[in-house]
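The values are calculated or read from the model by the stated rules, or taken from the named source; none is laboratory data. The shown structure was predicted, so the numbers you read here are calculated from the model rather than taken from an experiment. Neighbour counts are summed over all protein chains in view; Cβ atoms, including those assigned to glycine, are modelled from backbone coordinates with ideal geometry.
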Amino acid sequence: MRVGFVVTVAGALTLGGCTSAATQSFPTPGSYNPLAVTRPIDPDAVAVGRELDKVERSIENGRDSGQLSRREARAFRKANRALSGTAERLGADGMTDGEKRDLENQARILDSQVQAAVITGGMPKAPR
């Protein structure tokens, strides 16, 4: 009889602990405010993002038209991803005007390289 009582008490404590932990993880009705957890949109990050999207579209257009090889497109995408990662890191706490200007210039340079490769039929060769 004593063993049955101990098992019953242990089970009740276990279930009681689970339900109290579960109820504490959910917000109470009416307390959830999705706007309280979202960050405001940074217009500088949007501008840089547009430039990076333009580069990606140029790469896709060059690849679709056959002017860029798979290898060249992969190299340009890799450079675009690296630039995008830099923009993400810099934009995490807000970009300065200089950082925004630098990222936009780098994106324009990359886009110019893609356009040059599309027009000439290949990536520019590095001087030896």
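Things worth noting here:
- Residue check for residue 35: of a type outside the set (S, T, N, Q), at pLDDT below 95 and surrounded by 11 or more Cβ atoms within 10 Å (Cβ to Cβ): no
- Residues satisfying the stated conditions in segment 38-91, i.e. in a helix (DSSP H, G or I) and acidic (Asp, Glu): 44, 51, 53, 56, 60, 64, 72, 88
- Positions within segment 64-98 being surrounded by 11 or more Cβ atoms within 10 Å (Cβ to Cβ) and touching a residue at least 40 places away in the same chain (Cβ under 8 Å), in sequence order: 67, 68, 69, 72, 75, 76, 87, 91, 94, 95
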